[in-house]
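Novice: Structure in structure tokens, see below.
The values are calculated or read from the model by the stated rules, or taken from the named source; none is laboratory data. Keep in mind that what you see is a predicted model, and the values were worked out from it rather than measured. Note that each Cβ is placed from the backbone with ideal geometry, even for glycine, and that neighbours are counted across all protein chains shown.
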Amino acid sequence: MQIDLTINGEPAGAEAEPRTLLVHFLRDTLGLTGTHWGCDTSNCGACCVLLDGEPVKSCTVLAAMADGHDVTTIEGLEKDGVLDPVQEGFIAEHGLQCGFCTPGMILTGRALLDQNPDPSEEEIREAISGQICRCTGYVNIVKAIRWAAEHESAPV
Amino acid sequence: MQVPAPFDYRRATSVDDAIALLKELGPESRVIAGGHSLLPMMKLRLAAPEHLVDINDLSDLAYVRREGDEIRVGAMTRHRDLLSSTLIAEHFPIVVDAEHVIADPLVRNRGTIGGALCQADPSEDISAVCAALGATCVIQGPRGERVVTMSEFHRGPYETAVEQDELLVEVRLAIRPGAGSAYEKLERRAGDWAVAAAGAALWLEGDTISDGGIALTAVGATEVPSKRAAAALSGKPAGAAAFAEAARIAAEDCEPRDDQRGPADYKRNLAEELTNRALRRAAQRAGATT
């Protein structure tokens with residue numbers, strides 16, 4: 001079937017079997033490998049993308065279900081060479097080590113700040129609780145998202 | 001790589017369209033809502049429907065509203081919207097308790113109340129919540145609409161009153177005076193299925209229990225809700241003795257199994273303890289003074 005959607009603000013489309021999962025459609029069909037494919041069982045959250053602005057696990061969404069919708073992947077955050085404040089926060093606070101969970105963590109951070117520009121540590125921890133990081137112990141991820149909240153309005 | 005078996009995908013444009021599609025496509029068709037129960041099962045090939053009818057476009061089934069003395073929840077209401085609903089929080093704190101510990105925020109962004117109820121997973125939380133509250137379910141099909149109680153709706157693991165060509169469209173929760181409710185769940189880690197969980201609702205007249213509802217999940221409850229346990233509450237003073245007795249009966253009416261989440265005797269003990277805690281918290285919320 002033909003699947004047409006908006007990815008990172010641009011129209012995109014391709015043929016895919018109805019059983020194609022969104023994560024594979026993004027990575028294998030469209031070549032957007034910034035979205036990571038992890039546990040495949042909707043536990044780890046590495047495959048997180050924003051669907052109509054909400055973080056979802058793209059291993060548990062059919063590409064067909066995203067037809068006609070807006071998808072944001074990690075590739076969409078940088079604008080004209082300027083990183084998103086959440087990306088800057090992950091650099092400033094060392095919010096990653098191996099980087100496998102990072103695209104998903106950053107997107108969830110972005111979605112959280114879009115709804116709640118000044119989240120508490122507890123709210124950040126709740127927001128990322130569906131995503132697993134095996135490197136950082138989460139402390140620096142929480143700090144990175146807080147960093148972004150504090151620098152969001154100021155020029156980075 | 002886990003990929004579902006091939007299927008044909010259709011999108012319903014309305015409730016009537018969904019029902020017509022299910023009738024046309026027959027017994028090998030399945031409704032997909034949030035997909036966070038069905039897709040994992042399809043990926044493991046535990047389910048292999050030939051046709052999927054996607055009802056995500058039915059945004060008219062996504063609502064929480066008050067009508068008279070009822071809160072009506074559309075079947076496509078996502079977990080995150082139940083969790084953030086002020087109407088729900090005001091009248092049914094048990095829902096908020098449960099929603100906080102259902103999977104994780106990403107899953108709650110997709111999963112729906114209707115999908116969870118229709119999946120009827122034996123470890124799923126919303127069925128116990130609705131059963132404890134005495135919810136009713138509105139089912140629509142080619143033969144019209146019918147309203148069933150949770151006892152009628154929930155027939156057992158993975159089995160509900162919704163026929164193949166029918167759709168759950170709404171859940172109704174009655175607002176009654178003197179109400180308090182709570183949900184207690186033990187999970188091994190954030191987002192996991194329950195080791196055991198218990199939901200309790202109480203309706204008080206002064207400090208006397210006029211009615212109660214108890215429902216358990218993940219412990220092989222022999223009936224959902226636990227009617228025998230709830231019956232033991234009626235007419236008793238809202239206090240430790242009545243709660244302990246009801247909790248004992250609720251745990252008795254379970255058939256927990258040994259699995260990776262714990263041995264059966266431990267789960268039966270949990271069933272009793274969690275029921276007791278849920279009743280105590282429900283009573284506090286109902287304003288009991290004892």
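Novice: For a quick check of your reading: which strands (runs of 3 or more DSSP E) sit entirely within the stretch A:17-100 and have at least 2 residues that are small (Gly, Ala, Ser), outside the structural domain of residue A:119 (by TED's automatic domain parsing) and at pLDDT 95 or above?
Specialist: Strands (runs of 3 or more DSSP E) meeting the threshold: none at all.
Novice: Restricting to the stretch B:34-46, and then to whatever is more than 9 Å from every other protein chain (Cβ to nearest Cβ) and over 17 Å from the mean Cα position of the chain (by Cα), can you tell me which residue is farthest from residue A:62 (Cα to Cα)?
Specialist: Step by step, filter the stretch B:34-46, then rank; the result is B:46.
Novice: Given the options B:31, B:3, name the one that is within 14 Å of chain A (Cβ to nearest Cβ), in contact (Cβ under 8 Å) with a residue 24 or more places away in the chain and more than 29 Å from residue B:215 (Cβ to Cβ).
Specialist: Only one candidate passes the filter, namely B:3.
Novice: May I pose another question? Test residue B:158 against the criterion of being at positive phi, in contact (Cβ under 8 Å) with a residue 24 or more places away in the chain and of a type outside the set (S, T, N, Q), and give yes or no.
Specialist: yes
Novice: Would you check if residue B:184 is of a type outside the set (S, T, N, Q) and either more than 17 Å from the chain's Cα centre (by Cα) or outside any strand (DSSP E or B) (or both)?
Specialist: Against the criterion (of a type outside the set (S, T, N, Q) and either more than 17 Å from the chain's Cα centre (by Cα) or outside any strand (DSSP E or B) (or both)), residue B:184 does not qualify.
Novice: Report the residue count in the stretch B:47-57 for those that are more than 9 Å from chain A (Cβ to nearest Cβ), buried (at least 20 other Cβ atoms within 10 Å of the Cβ) and of a type in the set (A, V, I, L, M).
Specialist: Total satisfying the criteria: 2.
Novice: Select from the stretch A:17-39 the residues that are within 17 Å of residue A:67 (Cβ to Cβ), within 12 Å of chain B (Cβ to nearest Cβ) and crowded, with 19+ Cβ neighbours inside 10 Å and list them in ascending order.
Specialist: A:18, A:19, A:20, A:21, A:22, A:23, A:24, A:25
Novice: Within the stretch B:148-165, is even one residue over 14 Å from the mean Cα position of the chain (by Cα), basic (Lys, Arg) and not in a helix (DSSP H, G or I)?
Specialist: no
Novice: A further question follows. Checking residue B:121 against (1) surrounded by fewer than 20 Cβ atoms within 10 Å (Cβ to Cβ); (2) part of a strand (DSSP E or B), which test does it fail?
Specialist: Among (1) surrounded by fewer than 20 Cβ atoms within 10 Å (Cβ to Cβ); (2) part of a strand (DSSP E or B), residue B:121 violates only (2).
Novice: Restricting to the stretch B:197-219, what's the tally of residues that are closer than 19 Å to residue B:151 by Cβ and part of a strand (DSSP E or B)?
Specialist: The number of residues fulfilling the criteria is 14.
Novice: Which residues, taken from the stretch B:6-28, are closer than 24 Å to residue B:159 by Cβ, surrounded by fewer than 17 Cβ atoms within 10 Å (Cβ to Cβ) and at the interface with chain A (Cβ under 8 Å from one of its Cβ atoms)?
Specialist: none
Novice: Which of (1) of a type outside the set (S, T, N, Q); (2) within 25 Å of residue A:113 (Cβ to Cβ); (3) facing chain B (nearest Cβ under 10 Å); (4) touching an Asp or Glu at 6+ places or on another chain (Cβ under 7 Å) does residue A:67 not meet, given it meets every other one?
Specialist: Of (1) of a type outside the set (S, T, N, Q); (2) within 25 Å of residue A:113 (Cβ to Cβ); (3) facing chain B (nearest Cβ under 10 Å); (4) touching an Asp or Glu at 6+ places or on another chain (Cβ under 7 Å), only one is false for residue A:67: (2).
Novice: Can you tell me which residues in the stretch B:193-242 are aromatic (Phe, Trp, Tyr) and modelled with pLDDT of 95 or more?
Specialist: Across the stretch B:193-242, the qualifying residue is only B:203.
Novice: I'd like the full set of residues that are touching a Ser or Thr at 6+ places or on another chain (Cβ under 6 Å) and under 15 Å from residue B:3 (Cβ atoms), limited to the stretch A:60-90.
Specialist: A:60, A:63
Novice: Continuing with this model, one more query. What pairs come out if I take residues in the stretch A:118-129 that are within 12 Å of chain B (Cβ to nearest Cβ) and pair them with residues that are surrounded by fewer than 18 Cβ atoms within 10 Å (Cβ to Cβ) and among the hydrophobic types (A, V, I, L, M, F, W, C) whose C-beta lies under 8 Å away, six or more apart or interchain?
Specialist: A:129/B:190
Novice: Just to check your reading of the model, which residue among B:68, B:74, B:115, B:111 is over 28 Å from residue B:198 (Cβ atoms), in the same structural domain as residue B:165 (by TED's automatic domain parsing) and at pLDDT 95 or above?
Specialist: Answer to the selection: B:68.
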